[in-house]
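Engineer: Could you have a look at this structure, given as structure tokens, before my questions?
The values are calculated or read from the model by the stated rules, or taken from the named source; none is laboratory data. Just so we're clear, the structure is a prediction, and the values are computed from it rather than from any experiment. Neighbour counts are summed over all protein chains in view; Cβ atoms, including those assigned to glycine, are modelled from backbone coordinates with ideal geometry.
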Amino acid sequence: MTLLSIRNVFKSYFLHGKRIDVLRAVSLDIGKGELVSLVGASGAGKSTFLHVLGTLDAPAAGEVFFDGRSVFDMNDAEIAEFRNRTMGFVFQSHYLLPEFTALENVAMPALIQRRERSGAYGYARELLERVGLGQRVDHRPGELSGGEAQRVALARALVLKPAVLLADEPTGNLDPATGEGIHQLLRDVNRELGITAVVVTHNETLARSMPRRLRLAGGQVSEA
Ligand SMILES: Nc1ncnc2c1ncn2[C@@H]1O[C@H](COP(=O)(O)OP(=O)(O)OP(=O)(O)O)[C@@H](O)[C@H]1O
Ligand SMILES: [Mg+2]
């Protein structure tokens, strides 16, 4: 069953009077429960593509369908609500809140949704243990390594059990063994929770370990 349909999506940036065409007629279907890697050169448009797929950024033309519904036909408030309910993001920069501990950062989306506190913290702690940070729950982002912060961001992205996880180089700052551990976790949550996931990575070995592989080049997405 198709969960996400991207149809003829174009996206350009305009800067200093110049137009940069990043996505040029991208069309693609992603099935419910698929685990997909996305590779491509730096500047190819991988982050841009994830932002459009995650409704953070509207395309210049084309449509994105979720479960058959055209998401950019909704108004801004509806899109934001849909995004919060459906999407988990791991950004290239971790965007953790510096004043809060790892545990508080992971629990935050659930607390904002007014989930019951002890349940939210309990699941946040469980996720931090899954990413190998059971001993770091009381650290603030400034007291974590870059790779640890990225793992906290992954735990935070999962705390609401999103239908879709969009991860932008979640293993970019990690040594190979820890990176493989994160990819194993992605495979586990994909299988156990049925989360549909698109994972951008520069690591070809890890990309190849995903059941479906995509490549972005020349503004187009193709099977890799
Ligand atoms: N806000 C912006 N304004 C103008 N140009 C932009 C903007 N954001 C991105 N770009 C340009 O669009 C292109 C695609 O950027 P994007 O961040 O999607 O690449 P990427 O594939 O994620 O690269 P990387 O692997 O380095 O993260 C790049 O050439 C970039 O310079
Ligand atoms: Mg990027």
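Engineer: Could you check region 24-54 and list, in sequence order, the residues that are within 13 Å of ligand 2 (Cβ to nearest atom) and in contact with a Gly (Cβ under 7 Å, 6 or more places away or on another chain)?
Structural biologist: Gly45, Lys46
Engineer: Another one. Quick one: Arg19 ticks every box in (1) over 19 Å from the mean Cα position of the chain (by Cα); (2) within 28 Å of Gln150 (Cα to Cα); (3) modelled with pLDDT under 95; (4) not hydrophobic (A, V, I, L, M, F, W, C) bar one, so which box is it?
Structural biologist: Going through (1) over 19 Å from the mean Cα position of the chain (by Cα); (2) within 28 Å of Gln150 (Cα to Cα); (3) modelled with pLDDT under 95; (4) not hydrophobic (A, V, I, L, M, F, W, C) one by one, Arg19 breaks only (2).
Engineer: Any residue at all in region 186-193 that is touching a helix residue (DSSP H, G or I) at 6+ places or on another chain (Cβ under 8 Å) and of a type in the set (S, T, N, Q)?
Structural biologist: No, every residue in region 186-193 fails to be touching a helix residue (DSSP H, G or I) at 6+ places or on another chain (Cβ under 8 Å) and of a type in the set (S, T, N, Q).
Engineer: I've got another one for you. Scan (1) within 16 Å of ligand 1 (Cβ to nearest atom); (2) modelled with pLDDT of 90 or more; (3) closer than 21 Å to Ala124 by Cβ for the single condition Pro170 breaks and write down its number.
Structural biologist: (2)
Engineer: Given the conditions (1) touching a His at 6+ places or on another chain (Cβ under 8 Å); (2) under 25 Å from Asp21 (Cβ atoms), and given that Ser209 satisfies all but one, which numbered condition is not satisfied?
Structural biologist: (2)
Engineer: Moving to a separate point now. Could you grab the pairs with beta carbons closer than 6 Å, sequence gap of 6+ or different chains, first residue in region 195-224 and polar (S, T, N, Q), second one part of a strand (DSSP E or B)?
Structural biologist: Close Cβ pairs (under 6 Å, with a partner that is part of a strand (DSSP E or B)) amount to Thr196/Leu3; Thr196/Val164; Thr201/Ser37; Ser222/Arg215.
Engineer: A further question follows. Take the residues in region 45-63 that are assigned to a loop (DSSP other than H, G, I, E, B) and of a type outside the set (A, V, I, L, M); name whichever of them is surrounded by the fewest Cβ atoms within 10 Å (Cβ to Cβ).
Structural biologist: Within region 45-63, the first condition is being assigned to a loop (DSSP other than H, G, I, E, B), and the residues that meet it are 45, 54-60.
Of the ones still in play, those that are also of a type outside the set (A, V, I, L, M) are 45, 54-55, 57, 59.
On the way: Gly45: 25, Gly54: 21, Thr55: 18, Asp57: 14, Pro59: 22.
So the residue we want is Asp57.
Engineer: Where in region 115-224 are the strands (runs of 3 or more DSSP E), entirely inside, with at least 1 residues that are in contact with an Asp or Glu (Cβ under 7 Å, 6 or more places away or on another chain)? Explain how you work it out, then say what you get.
Structural biologist: Details: elements: 164-168, 196-200, 212-217, 220-223.
Counting at least 1 such residues, we get 196-200, 212-217.
Engineer: Which one of these is among the polar types (S, T, N, Q), at negative phi and either part of a strand (DSSP E or B) or under 15 Å from the mean Cα position of the chain (by Cα) (or both): Ser27, Ser42? Show your work before the answer.
Structural biologist: Numbers: Ser42 fails: either part of a strand (DSSP E or B) or under 15 Å from the mean Cα position of the chain (by Cα) (or both).
Residue meeting the stated conditions: Ser27.
Engineer: May I ask you to verify whether Leu144 is over 21 Å from Leu50 (Cα atoms), of a type outside the set (D, E, K, R) and free of Cβ contacts under 8 Å to residues at least 40 places away in the same chain?
Structural biologist: No, not satisfied.
Engineer: Please specify each residue of region 187-209 satisfying the condition of being within 16 Å of ligand 2 (Cβ to nearest atom) and touching a Lys or Arg at 6+ places or on another chain (Cβ under 7 Å).
Structural biologist: Result: Val200, Ala207.
Engineer: What pairs can you find where one residue is in region 72-90 and within 24 Å of Leu158 (Cβ to Cβ), the other is basic (Lys, Arg) and part of a strand (DSSP E or B), and their Cβ atoms are less than 8 Å apart, with a gap of 6+ or different chains?
Structural biologist: Sorted first by the residue in region 72-90, then by its partner, the list stays empty.
Engineer: Right, next: When you go through (1) without any contact (Cβ under 8 Å) to a residue 12 or more places away in the chain; (2) under 16 Å from Phe89 (Cα atoms) one by one for Ala177, which number turns out not to apply?
Structural biologist: Unmet for Ala177, out of (1) without any contact (Cβ under 8 Å) to a residue 12 or more places away in the chain; (2) under 16 Å from Phe89 (Cα atoms): (2).
Engineer: Can you tell me which residue is farthest from Leu166 (Cα to Cα) among those in region 1-29 that are surrounded by fewer than 20 Cβ atoms within 10 Å (Cβ to Cβ) and among the aliphatic types (A, V, I, L, M)?
Structural biologist: Leu15
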